[in-house]
Amino acid sequence: MKNKNYEWLKSALFLIGLVVILVAVRLFIFTPVVVKGDSMDPTLQDGERVIALLNTKVKRFDIVTFPAPDEPDKYYIKRVIGLPGDEISYQNDQLFINGKKVAEPYLAEYKKQLTDGMPLTLSPNQEASFKFEKVPAGKILVLGDNRRISKDTRSIGFIDESTVSGDVKFVFWPLKEIGFINK
């Protein structure tokens with residue numbers, strides 16, 4: 001009888017420990033996120049489930065999630081293009097950061113699918129060449145990969161770097177898409 005009580009206690013403590021570890025991992029290391037909308041097509045699809053790492057330093061071209069500044073209780077997923085102090089411009093669909101031409105290989109496949117002769121990245125006024133003001137300290141410039149429909153810095157302004165809640169790294173659903181996100 002004593003052995004059964006001991007085994008039961010051991011199992012209960014193991015399960016409690018496991019739950020504590022899982023909760024800690026969820027609160028401090030990563031969080032699952034559901035992609036809603038088409039603004040990150042073709043990189044991320046509507047309905048995909050992804051893992052976002054918490055407490056990471058934001059780097060250029062990271063895909064991040066943050067509270068929507070214009071819609072309470074909603075989160076956006078976008079790509080970081082500009083960091084504090086950067087001067088960002090586009091000239092006929094070509095990204096320039098601080099005056100230097102920078103490739104966006106994650107958009108190449110999507111650009112090939114365009115058939116209307118218009119660039120993928122346009123200003124809010126539908127201009128092919130435009131520039132942003134200098135990215136202020138503590139802010140980041142974000143754009144969706146599906147630039148034509150994305151609600152991003154062009155319409156909602158710069159994002160507070162401190163509000164970034166996670167760095168999206170891994171797709172876990174649907175299973176046919178499982179894997180790390182290529183940046």
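Taking the chain as the reference, fit the longest principal axis to its C-alpha atoms, fit the long axis of helix 2-28 to the helix C-alpha atoms, and give the angle between the two in degrees, 0 to 90, nearest 10.
In the chain, helix 2-28 runs at an angle near 10 degrees to the longest axis.
Take the cross-link list Lys10/Lys169; Lys59/Lys151; Lys36/Lys101 and give me the ones stretching past 28 Å between alpha-carbons. Intermediate values should be presented prior to the final figure.
Details: Lys10/Lys169 36 Å; Lys59/Lys151 20 Å; Lys36/Lys101 31 Å.
Over 28 Å Cα-Cα: Lys10/Lys169; Lys36/Lys101.
Just grab the label-to-label distance for Leu54 and Lys10, each label 7 Å out from Cα along the Cβ direction, in nm (one decimal).
3.3
Determine which aspartates and glutamates satisfy two conditions relative to Lys112: a Cα distance under 15 Å, and not lying fewer than 8 residues away in the same chain.
Asp41, Asp93, Glu104, Asp145
For the chain, report the accessible area per residue in Å² (1.4 Å probe, heavy atoms, rounded to an integer).
Values: 11040 Å² over 183 residues.
Normalised by residue count, the accessible surface of the chain is 60 Å².
Given a Förster distance of 41 angstrom, what is the FRET efficiency for Lys112 paired with Val23, based on the Cβ-Cβ distance and rounded to 0.05?
Efficiency at R0 = 41 Å is approximately 0.35.
What per residue convex hull volume, in Å³, do the alpha-carbon atoms of the chain yield?
Dividing the Cα hull volume of the chain by its residues yields 140 Å³.
Order of 46-55, 117-126 by packing, highest average Cβ count within 10 Å first?
For the peptides 46-55, 117-126, the packing ranking is 46-55, 117-126.
Given a 1.4 Å probe and every protein chain left where it sits, what share in percent of the accessible area of region 30-180 is carbon and sulfur? Mind dumping the intermediate values first?
Values: 4150 of 7880 Å².
Ligands and nucleic acids excluded, carbon and sulfur reach 53 percent.
Quick check on region 129-183: what does the Kirkwood estimate of hydrodynamic radius come out to from the alpha carbon pairs, in Å?
Value: 13.5 Å, from the Cα pair sum.
The values are calculated or read from the model by the stated rules, or taken from the named source; none is laboratory data. This one's a predicted model, so the numbers in the text were calculated from it and none came from an experiment. Don't worry about glycine lacking a Cβ; one is built from the backbone with ideal geometry, like all the others, and counts go over all protein chains shown. In case anyone asks, the SASA skips ligands and DNA or RNA and just uses the protein heavy atoms, side chains included. Shrake-Rupley method; radii C 1.70, N 1.55, O 1.52, S 1.80 Å.
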